[in-house]
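Laboratory data are not the source of any read-out in this text; all were calculated from the coordinates shown. These numbers come from a predicted model, not from an experiment. No Cβ is skipped: glycine too gets one built from the backbone with ideal geometry, and neighbour counts run over all protein chains shown.
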Amino acid sequence: MKRSLKPGRVFLFRLPFGSDLLDEIHEFLKKRRVRCGTVEAIGALSKATIGYYELKRRRYRQKTFRGEMELLSCAGNVSMKDGRPFAHLHAVLSDTKMRAFGGHVFPGSKVFAAEVCVRELKGAAMVRKPDPETGLVLWPRKP
Ligand code: ZN
């Protein structure tokens, strides 16, 4: 389903030291009532829990990394899931040898520093629903 949305509020903020990257962004979205939009963030993490969707088994695989990591790029979107704003985020990180790796962001990523930009989109918010084809909770393709 294609939607025509209009730009809304734009927020620029920093996450607290030691906070959880995903939980803190969810809190912000809830507090500011952002139902639809995009998210981007850069910074550094001391722990990262990221993963990928195993297509054949239809389940997420998670891995936790500890140490000094740059949050090179975290990008994602905001839509509604189970009646609440839901941030779907992916992250590219780098380690102390400047090697990059990344994946789908799960709770369990500890912020050292993070600068976030949330761009709200106004209009009928996208709503996530279970998708039998993929086993994921996705946006509908048809109205
Ligand atoms: Zn994902």
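What is the sum of charges around PRO140, taking Lys and Arg as +1, Asp and Glu as -1, for the other residues whose C-beta is under 10 Å from the C-beta of PRO140?
Numbers: positive: ARG128, LYS129, ARG141, LYS142; negative: ASP131.
Neighbour charge sum, excluding PRO140 itself: +3.
What's the ranking of 51-59, 133-141 by average number of surrounding C-beta atoms within 10 Å, highest first? Could the numbers behind the result be given before it?
Numbers: 51-59: 10.8, 133-141: 12.3.
Packing proxy ranking, top to bottom: 133-141, 51-59.
What is the Cα centroid distance between the range 76-140 and the range 20-68, reported in whole angstrom?
Spelled out, the Cα-based centre of one part sits 6 Å from the other.
Return one number: the angle in degrees, 0 to 90 and rounded to the nearest 10, between the long axis of the Cα atoms of helix 21-31 and the longest principal axis of the Cα atoms of the chain.
Relative to the chain, helix 21-31 is tipped by roughly 40 degrees.
Considering amide H positions built from the backbone, and no H for Pro or chain starts, which residues 5 or more places from MET69, or on another chain, come under 5 Å of its amide H?
Distant-sequence amide H within range of MET69: LEU45.
Summing +1 for each Lys or Arg and -1 for each Asp or Glu, what net charge is found among the other residues whose Cβ lies under 11 Å from the Cβ of GLY123?
Working: positive: ARG3, LYS6, ARG35, LYS122; negative: GLU120.
Within the 11 Å Cβ shell, the charges total +3.
Place the peptides 109-117, 26-34 in order of packing, highest mean first, counting for every residue the other Cβ atoms within 10 Å and averaging per peptide. Walk me through the intermediate numbers first.
Details: 109-117: 18.4, 26-34: 15.1.
Ranked by mean Cβ neighbours within 10 Å, highest first: 109-117, 26-34.
Taking 0.36 nm per residue of separation and subtracting the Cα-Cα distance, what length does fully extending LYS142 through GLU40 add?
On the way: separation 102, 0.36 × 102 = 36.72 nm, distance 2.72 nm.
In short, 34.0 nm is gained.
Please name which of ALA125, GLY37, HIS104 has its Cα lying farthest along the dipole of the range 1-130 towards the positive end, using unit charges on Cβ (Lys, Arg +1; Asp, Glu -1) and the Cα centre as origin.
Of the candidates, ALA125 comes out farthest on the positive side.
In the neighborhood of PHE65, defined by Cβ-to-Cβ distances under 14 Å, what is the net charge if each Lys or Arg adds +1 and each Asp or Glu adds -1?
Values: positive: LYS47, ARG61, LYS63, ARG66, LYS97, ARG99, LYS110; negative: GLU68, GLU70, ASP95.
With Lys, Arg at +1 and Asp, Glu at -1, the neighbours total +4.
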